[in-house]
Amino acid sequence: MPRQHAFEYISQTTPTSAGNSIAVLYGNDSTLRRWALDTLVAGGDWAQFEGETTKWSDLRDDLATASLFDFDAGDKRTLVIRSADKFVTANRTELEKYVAAPGDAARLVLELDSLATNTRLYKATDKNHLLVACGNATDTKVGVTAATRRKFLTGHVASRHQTKLSAGAADALVELLDEDIGMLDTEIAKLALYVDVGGKIEESLVREIVSGWKGKTVWQITDAIANGDAAEAIRQLDKLFTSGEKAIALLPQIAWSLRRLAMTTVVIEHRERTGRAWQFEDALASAGIRRPSELQSAKKQLKTMGRPRAKLLLGWLLDADLRLKGTHSAEGRDRFMLEQLVLKLAQGA
């Protein structure tokens, strides 16, 4: 069956589950993958295995074993391979053969960070089984647009917290916090405390609460980074950590404005290479900085930062994101990594 996006799959009244022998949940948003998995296995008999340690020989025996609770002819025991990227790499041939002719006793679910569209596994699953994309970045090819994300936030996510969310509030949350669904879900849960049960969260409340003193502090951090004031940036960062904020939640907020400065630099350099004239305001607008109140501030930050340092921003931010989700995800190491990043961003080395 054709690929679905998690926004669509999770929100269905009767999502596809029983009857599929293979299901693949893939994408960079761990919250969407978890919710899609919860939707898939709800009320059924299932077990999970770690992709790092599971062997195909062990899994093959389990796939041939029917559920002891298979009371409904449409139900199957579900075997979930979590973090299955390495498992797929190590057992690609066996998996491709199994997907082509799966058994009837159990359902196999693979949870992956990514899955290339040109692989046999992707193509076979997309054609005959259940394939759910769980990425959060805007990509019309997989069905993620501002409209589909807004519908998911105002519908499924808001209902999880017995509240309503206006379209403007949903857009403001994405603007302030970026696209990570887990972070947006957490913030909607907090905002639900400010309204009555079943009440509506409006854009004004989002901007008042989310971009209150913490939002101002994040802006002070990015301003200090642009000015090369490492001491001030670390001082403001410490305030946020002291208030209970986590590095994984702070990085997207800090990166949001810095990424736009980096993209402005990319635009400027591209136009110079192609012999085209450019103006700061035009380049800033191409990078998404259009509000009059932001234009002058961003222009000043870029001039203070300098092009050599601005050109390095995207690489540094990507590296930090990967580390926070991997080697530096543990408490303590995450803070150290973010402090190290802020120093590097401010000092330019």
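Need pairs with beta-carbon distance below 8 Å; first residue without any contact (Cβ under 8 Å) to a residue 60 or more places away in the chain and within segment 182-198, second of a type in the set (S, T, N, Q) and open to solvent by less than 20 Å² (accessible area, probe 1.4 Å); sequence gap 6+ or separate chains.
From segment 182-198, the pairs are I188/T163; L191/T163; A192/T163; V195/T163; V197/T163; G198/T163.
In segment 237-248, how many residues are surrounded by fewer than 19 Cβ atoms within 10 Å (Cβ to Cβ) and of a type outside the set (D, E, K, R)?
Count: 5.
If I ask for residues that are open to solvent by 10 Å² or more (accessible area, probe 1.4 Å) and closer than 16 Å to S83 by Cα, which ones from segment 107-155 would you list?
Passing the criteria: E111, D113, S114, L115, A116, G135.
Can you tell me which residue in segment 1-27 is modelled with the lowest pLDDT, limited to those that are under 20 Å from V88 (Cα atoms) and either touching a Ser or Thr at 6+ places or on another chain (Cβ under 7 Å) or surrounded by fewer than 16 Cβ atoms within 10 Å (Cβ to Cβ) (or both)?
Across segment 1-27, the extreme among qualifying residues is I22.
For segment 28-46: of the residues being in contact with a strand residue (DSSP E or B) (Cβ under 8 Å, 6 or more places away or on another chain) and open to solvent by 30 Å² or more (accessible area, probe 1.4 Å), which is nearest to V109 (Cα to Cα)?
Applying the filter and picking the extreme gives W46.
Read through the list (1) under 26 Å from I289 (Cβ atoms); (2) modelled with pLDDT under 90; (3) open to solvent by 20 Å² or more (accessible area, probe 1.4 Å); (4) part of a helix (DSSP H, G or I), then give the number of the only condition that T222 fails.
Result: T222 passes all but (3).
Regarding segment 156-172, can at least one residue be identified that is modelled with pLDDT under 90 and either open to solvent by 40 Å² or more (accessible area, probe 1.4 Å) or more than 16 Å from the chain's Cα centre (by Cα) (or both)?
Among the residues of segment 156-172, not one is modelled with pLDDT under 90 and either open to solvent by 40 Å² or more (accessible area, probe 1.4 Å) or more than 16 Å from the chain's Cα centre (by Cα) (or both), which makes the answer no.
Going through segment 297-336 one residue at a time, which ones are among the charged types (D, E, K, R), in contact (Cβ under 8 Å) with a residue 40 or more places away in the chain and open to solvent by less than 40 Å² (accessible area, probe 1.4 Å)?
Matches in segment 297-336: D334 only.
Out of curiosity, is L176 more than 26 Å from D45 (Cβ to Cβ), aliphatic (A, V, I, L, M) and either assigned to a strand (DSSP E or B) or within 17 Å of the chain's Cα centre (by Cα) (or both)?
In short, yes.
Could you grab me the full set of residues in segment 224-264 that are farther than 20 Å from L302 by Cα and among the aromatic types (F, W, Y)?
Within segment 224-264, just F241 meets the criteria.
Do you know which residues across segment 327-348 are farther than 18 Å from Q301 by Cβ and basic (K, R)?
Scanning segment 327-348 gives R333, R335.
Are any of the residues in segment 38-49 hydrophobic (A, V, I, L, M, F, W, C), assigned to a helix (DSSP H, G or I) and within 16 Å of H5 (Cα to Cα)?
Yes, that holds for at least one residue.
Spot the failing condition for L110; the list is (1) within 25 Å of I254 (Cα to Cα); (2) in contact with a Ser or Thr (Cβ under 9 Å, 6 or more places away or on another chain); (3) not acidic (D, E), and only one is missed.
(1)
Mind telling me which of the residues E339, E294 ends up being acidic (D, E), modelled with pLDDT of 90 or more and surrounded by 14 or more Cβ atoms within 10 Å (Cβ to Cβ)?
E339
In segment 233-263, what residues are β-branched (V, I, T), under 18 Å from L345 (Cα atoms) and at pLDDT below 90?
The answer is I248, I254.
Would you please name the residue that is farthest from T39 (Cα to Cα), looking only at residues in segment 75-100 that are in contact with a helix residue (DSSP H, G or I) (Cβ under 7 Å, 6 or more places away or on another chain) and open to solvent by less than 40 Å² (accessible area, probe 1.4 Å)?
The qualifying residue farthest from T39 (Cα to Cα) is N91.
Could you list, in sequence order, all residues of segment 179-212 that are in a helix (DSSP H, G or I) and open to solvent by 40 Å² or more (accessible area, probe 1.4 Å)?
Listed by number, the residues that qualify are T186, K190, E203, S204, R207, E208, I209.
The values are calculated or read from the model by the stated rules, or taken from the named source; none is laboratory data. Worth saying up front: this structure is predicted, and the values here are computed from it rather than measured. As a convention, Cβ positions derive from the backbone with ideal geometry for all residues, glycine included, and neighbour counts pool all protein chains shown. Surface accessibility is based on the protein's heavy atoms, side chains included, excluding ligands, DNA and RNA. Shrake-Rupley method; radii C 1.70, N 1.55, O 1.52, S 1.80 Å.
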